[in-house]
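Below is one structure, written out as structure tokens; the observations come after it.
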Amino acid sequence: MRLSAYDHAPGEHCGSTSLRNLSNFYGWGHDEPTCFGLASGLGFTFFAGEEAPERTFFGRPLWLEGAFFENLGISHSHTQGEDWEAAWASMTGALDGGDPVMVFTDIYHLDYYDTDTHFAPHSLLLVGYDETVPAREAGATDPDAGDGIVYCADSEFETVQRLPLASLRAAMSSKATIPLSNRYLVVEGDPTVDRTTAAREAARETATYMLDPDEAARGVPEWGAHGVPGIRALGNDIAEWTALSDPHWTVRFAYQNIERRGTGGACFRTLYTGFLDEVGAEIGLVGFADEMYDIEGVWHRIADLLSEASETEEVFDLPGYLSKSSNLFSTLADREERFYREVLATLPDV
């Protein structure tokens with residue numbers, strides 16, 4: 001079966017695109033940047049890994065998708081940790097009842113990406129399934145993959161993709177980057193909080209978390225450095241990347257995590273500018289979109305430096321680029337800190 005009422009459209013970021021498409025499906029009327037902001041979607045996390053790329057960062061919090069529903073007071077189920085059989089039964093039950101299912105995956109196992117890089121969590125919507133279709137018809141290369149396909153509405157693709165059911169199972173249970181544990185989300189109701197109230201509280205939550213991650217209402221992972229302190233930690237660390245096992249790939253991956261890999265540009269700051277353009281005046285943050293746009297520009301400058309650095313031929317070509325990037329990250333941290341302090345001063349907790 002496949003949901004005939006679902007109308008797919010691609011977007012900038014996996015999470016906010018999925019939320020936008022759910023908003024369209026259920027008639028809530030929010031565009032992608034607004035969904036991103038309503039989800040308290042801006043953030044920052046920097047952490048080290050054991051394999052190349054040995055340094056990674058991303059510009060959104062892990063709570064984004066769930067926070068959207070909580071901030072708008074939308075009843076939903078958000079499940080993680082079930083065994084595959086129980087999770088699949090619940091997901092097919094939701095689809096049979098006419099509801100898309102948001103799932104969290106590792107793109108390494110999504111055959112239609114054809115990638116050898118692990119990247120998670122990547123969210124998408126399941127909009128149908130057929131357990132009788134041979135998996136090879138959806139691109140499975142494993143002769144033992146068995147039967148069954150799912151229909152995936154993925155932000156990166158213009159049309160709904162077909163995926164072997166076995167690949168979905170592997171993608172939802174991956175432990176390669178962040179353990180996913182068969183995590184999925186199903187909508188159960190409509191918003192009970194108006195957009196203005198939700199947007200104001202979401203903006204306050206984002207500012208509080210970015211300034212002091214320990215004060216984040218939803219909590220942050222114990223690993224890594226988060227918020228503005230995380231940006232400073234990255235700035236202090238990046239000049240030492242020449243000592244890593246594959247510094248050029250680590251630098252290239254850093255560039256991609258700013259401008260590509262579903263960020264919407266400028267490490268998600270472009271999406272947040274769009275949110276402030278839409279709701280800034282409505283919630284009392286007049287002119288804040290302009291300031292975030294200027295912050296975007298600093299991120300773009302860093303991305304340009306990292307892109308150029310990644311294309312050099314030798315490790316000894318890197319230090320100048322990394323030193324300049326380090327200085328810009330310090331400037332960026334100062335700019336973002338001032339921005340979030342101004343948000344909290346303008347939107348006092350009442």
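The numbers here are math on the coordinates, done by the rules we state, and not lab data. A quick note: this is a predicted structure, and the numbers were derived from the prediction, not measured. FYI the Cβ positions are ideal-geometry reconstructions off the backbone, even for glycines, and counts take in every protein chain you see.
Tabulated results
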item	result
Coil-residue GluC sites (Glu not before Pro) of segment 210-264, DSSP, other Cβ within 10 Å capped at 12	GLU222
Length released on extending from GLU222 to PHE47, taking residue separation times 0.36 nm less the Cα-Cα span	61.9 nm
FRET efficiency, ARG169 to SER323 (Cβ-Cβ, R0 51 Å, nearest 0.05)	0.65
Protection-proxy order for peptides 325-333, 38-46, each taking the mean of Cβ atoms within 10 Å per residue, highest first	38-46, 325-333
Label-point separation, ASP190 to ALA9 (7 Å along Cα→Cβ), nm	2.0
Fewest-first sequence of ASP190, ASP111 by Cβ atoms within 10 Å of each Cβ	ASP190, ASP111
Residue with peak Gaussian network fluctuation, the chain [Cα springs, cutoff 10 Å], from LEU276, LEU124, LEU318	LEU318
Label-reachable residues, segment 121-139, where backbone N falls under 19 Å from a point 7 Å from ASP147's Cα toward its Cβ	128-139
Extension gain from THR79 to GLU131, taking 0.36 nm per residue of separation minus the Cα-Cα distance	16.5 nm
Shape of segment 1-101, Cα gyration tensor, a/c cut at 1.5	oblate
Sequence ranges 81-87, 133-139, ranked by mean other-Cβ count within 10 angstrom, highest first	133-139, 81-87
Top positive-direction residue, dipole computed over the chain with Cβ charges, set ASN71, ALA138, LEU347	LEU347
Prolate/oblate/rounded call for the chain, Cα gyration tensor, a/c under 1.5 rounded	oblate
Protection proxy ranking of 59-68, 22-31 - average other beta-carbon atoms within 10 Å, highest first	59-68, 22-31
Estimated FRET transfer efficiency (GLU240, ASP349; beta-carbon r; R0 30 Å; 0.05)	0.15
Nitroxide proxy distance, nm - points 7 Å out along Cα→Cβ at ALA281 and THR115	3.8
FRET efficiency, 1/(1 + (r/R0)^6) with R0 22 Å, evaluated for ARG260 and GLU313 via beta carbons	0.50
